[in-house]
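Working notes, structure below.
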Amino acid sequence: MTLEQLREIEDVYVGPNEIADVLRTSPQTIRKQAQEDPSKLGFPVIVLQSRVIIPRKGFLFFLDNGHPKGIA
């Protein structure tokens, strides 16, 4: 999925598969980092056992503005 497509969809949550291309990494890398230390991703994630979901607006905020606390 491209960044433009991500901006156009209306889904509240997206998964690692949807954002992997934007970040130029694999979905599994995102899942692994979210499970090990989600704060290093820089954007909000929700980890439900082995499932990882990402609030779409929070991810887009991160891409546009960086980490909300200026850390990333």
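Quick look at the numbers
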item: Label of the coordinate-derived value, Cα Rg over 2.2 N^0.38 Å, listed as (1) 1.17; (2) 2.13; (3) 1.01; result: (3)
item: Separation of the GLN49 and LEU23 label points, Cα + 7 Å toward Cβ, nm; result: 2.2
item: The chain - percent of accessible surface contributed by carbon and sulfur, probe 1.4 Å; result: 48
item: Dipole magnitude (debye, nearest 20) for the chain, charges at Cβ of Lys, Arg, Asp, Glu; result: 280
item: Where labels lie 7 Å past Cα in the beta-carbon direction, separation of ASN65 and TYR13 in nm; result: 2.3
item: Accessible surface ranking that places the most exposed of LEU60, LEU23 first, with a 1.4 angstrom probe; result: LEU23, LEU60
item: Per residue accessible area in Å² of the chain, where ligands, DNA and RNA are left out and the probe is 1.4 Å; result: 68
item: Cα lying deepest toward the dipole's positive end in the chain, options VAL47, PHE59, VAL12, charges on Cβ; result: VAL47
item: Contour minus Cα-Cα distance for GLN5 and LYS40 (0.36 nm per residue); result: 10.1 nm
item: Heavy-atom accessible area order for GLU10, GLU18, largest first, 1.4 Å probe; result: GLU10, GLU18
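The values are calculated or read from the model by the stated rules, or taken from the named source; none is laboratory data. Predicted, not measured: the structure shown is a model, and the values here were computed from it. We place every Cβ from the backbone using ideal geometry, glycine too, and count neighbours over all the protein chains shown. Surface accessibility is based on the protein's heavy atoms, side chains included, excluding ligands, DNA and RNA. Shrake-Rupley method; radii C 1.70, N 1.55, O 1.52, S 1.80 Å.
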